[in-house]
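The values are calculated or read from the model by the stated rules, or taken from the named source; none is laboratory data. Keep in mind it's a predicted model, so treat the numbers as computed, not measured. Cβ placement follows ideal geometry from the backbone for every residue including glycine, while neighbour counts extend to all protein chains displayed.
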Amino acid sequence: MSGSDTSGYYPTAISLTELPSVEKRMNELIAMIRSYLRDTPELNRLIAGEETSDRMIAYAIADTLDDYNSTPPFIGKASLTGFPSLSLLRLGATIYILESVAFLQMRNMLRFNDSGLSVSVSDRAPMLLNWVQLFRAQFERKVSRLKTSINIEQGMEGIGAFSEYLPINGLFLSGY
């Protein structure tokens, strides 16, 4: 990202707010995720530049936020600046980026054979989808544990998500 002009740069879901802290946080997260993926021009030996644009990383971050917020229990909305786990956000964004790269690989896959010489182009999709499956299971497990523990903490304070057992057992309030 060069310069300070970011108009039209972030996905609509993120650009709805004009808080400078959100833009700063997004830029920090994009840099962190790009570093984690090792997607830098000096490390990409087969392609020029970066494989994943800053915009695609921002979309992946937005998808991760949406995924987290739409997973039960619904204990409040996590935001870009208040996400409860940085490593979880990085893992989720990585999943969405790898899925996107796998789609591109599948769309551009080409195999040809000439006089006994076989060549494949863009044939990394199966390997990428295996990584996505591994990371997705890890992500779902971590989200479940994190949301359960946050819900328990909030429940102890009286603000957690209500249990489906409430009609059976009633409401427990300390001191009564």
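For this structure, a couple of remarks:
- Any hit, the range 66-75, residues being surrounded by 18 or more Cβ atoms within 10 Å (Cβ to Cβ) and either in contact with a strand residue (DSSP E or B) (Cβ under 9 Å, 6 or more places away or on another chain) or not hydroxyl-bearing (S, T, Y) (or both): yes
- Unique residue being closer than 18 Å to V143 by Cα, modelled with pLDDT of 90 or more and of a type in the set (D, E) when the list is D54, D66: D66
- Considered as a group, the residues in the range 77-117 that are among the hydroxyl-bearing types (S, T, Y) and in a helix (DSSP H, G or I) include one that is nearest to I150 (Cα to Cα), and that residue is S87.
- Residue check for F74: assigned to a loop (DSSP other than H, G, I, E, B) and within 16 Å of the chain's Cα centre (by Cα): no
- Close pairs (9 angstrom Cβ cut-off, 6 or more residues apart or separate chains): closer than 15 Å to S87 by Cα in the range 130-141, surrounded by fewer than 16 Cβ atoms within 10 Å (Cβ to Cβ) and modelled with pLDDT under 95 anywhere: E140/T71
- Out of I30, I14, sole residue that is more than 21 Å from N130 (Cβ to Cβ), under 16 Å from the mean Cα position of the chain (by Cα), in a helix (DSSP H, G or I) and at pLDDT 90 or above: I30
- Filtered residues of the range 68-85 (kept if closer than 26 Å to R38 by Cβ and without any contact (Cβ under 8 Å) to a residue 40 or more places away in the chain): F83
- Filtered by the rule that a residue be modelled with pLDDT of 75 or more and either basic (K, R) or exposed (fewer than 11 other Cβ atoms within 10 Å of the Cβ) (or both), the range 153-173 gives M156, E157.
- Residues (of a type in the set (S, T, N, Q) and either free of Cβ contacts under 8 Å to residues at least 24 places away in the same chain or in contact with a strand residue (DSSP E or B) (Cβ under 7 Å, 6 or more places away or on another chain) (or both)) located in the range 36-57: T40, N44, S53
- In the range 118-152, the residue that is nearest to P72 (Cα to Cα) out of those that are among the hydroxyl-bearing types (S, T, Y) and in a strand (DSSP E or B) is S120.
- Any chance I57 is outside any helix (DSSP H, G or I) and of a type in the set (A, V, I, L, M): no
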